Amino acid sequence: MNEITRTGWNVLDEGRAMLRAAVAGVPADGWQRPTPCTEWTVAQVLQHAALDQGAWAAVISGTQPSGENPFAPTGELGAEPLAYTEAALAASAPAWAAVSSDGGPVPTPLPSGPMPPADAAAAAALDAAIHAWDIAMATGQGSPLTPDLARALTPVAKSIVEPLRQYGVYAAAVTPPDGADDAAALLGYLGRSPAWTA
């Protein structure tokens, strides 16, 4: 991953690297394909994910967000998709680099409000990672979500997702199959079938 996009938070860097890799793996004809986010194409999921990272950075740094609504993505990126992704990640990294792991609660764009720094980083990582999964699965790349990352993200998911379901941010939980690993369990909790295909 380009050094400029590093945040200083390993879990967040991993989620953001997953997003970048998923975007890099989309074939030229893949941007209009359907995704697990049933209302959105691959391009719209990317735009939503990039705008979410910008919203996190704006709230943390006390600056103005872009003005684009992450929940009404047009899919018109205005740039080549990988360049669009890298620009969004680079622009949002400095806000995270300024957050101290032993500092006080960090403001968030979530209804739950401020969170401890490590939890906030994990919540932003969850957003990047799950949309990386959406993009990868929609374009035949297979699941990039590892059980290790899923284990790291599950506690914050359990703390933030329930209130977000009422806004349609996450669908109702899906029961994973017996013997599911941590990645499949997290996907199910987030309303995604681990075996989803376009």
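One table, with the values for the structure above:
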{"quantity": "Cα-based equivalent ellipsoid, the range 144-191: semi-axes from gyration tensor eigenvalues, Å", "calculated": "19, 13, 8"}
{"quantity": "Counted charge near THR146, where neighbours are those whose Cβ lies closer than 13 Å (Asp, Glu -1; Lys, Arg +1)", "calculated": "-3"}
{"quantity": "Percent of alpha-carbon pairs separated by more than 15 Å within the range 24-75", "calculated": "49 percent"}
{"quantity": "Accessible heavy-atom area order of THR175, THR139, highest first, probe of 1.4 Å", "calculated": "THR175, THR139"}
{"quantity": "Computed log₁₀ I(q)/I(0) - Debye formula, equal Cα scatterers, no solvent, the range 1-48, q 0.13, 0.16, 0.19 Å⁻¹", "calculated": "-0.36, -0.53, -0.68"}
{"quantity": "Whole-angstrom gap from the range 87-121 to the range 162-198, using each part's C-alpha centre", "calculated": "25 Å"}
{"quantity": "Estimated D of the range 72-198 in µm² per second, where Rh is the Kirkwood radius over Cα pairs and Stokes-Einstein applies at 20 °C, 1.002 mPa s", "calculated": "134 µm²/s"}
{"quantity": "Per-selection Rg to Rh, the range 64-126 - Cα, Kirkwood hydrodynamic radius", "calculated": "1.01"}
{"quantity": "Most mobile of PRO36, PRO111, PRO147 in a GNM of the chain (Cα contacts under 10 Å)", "calculated": "PRO111"}
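The values are calculated or read from the model by the stated rules, or taken from the named source; none is laboratory data. Note that the coordinates shown come from a computational prediction; the quantities given were computed from them, not determined experimentally. In this analysis, Cβ positions are derived from the backbone assuming ideal geometry, glycine residues included, and neighbour counts consider all displayed protein chains. Note: accessible area is taken over every heavy atom of the protein model, side chains too, but ligands, DNA and RNA are not part of it. Shrake-Rupley method; radii C 1.70, N 1.55, O 1.52, S 1.80 Å.
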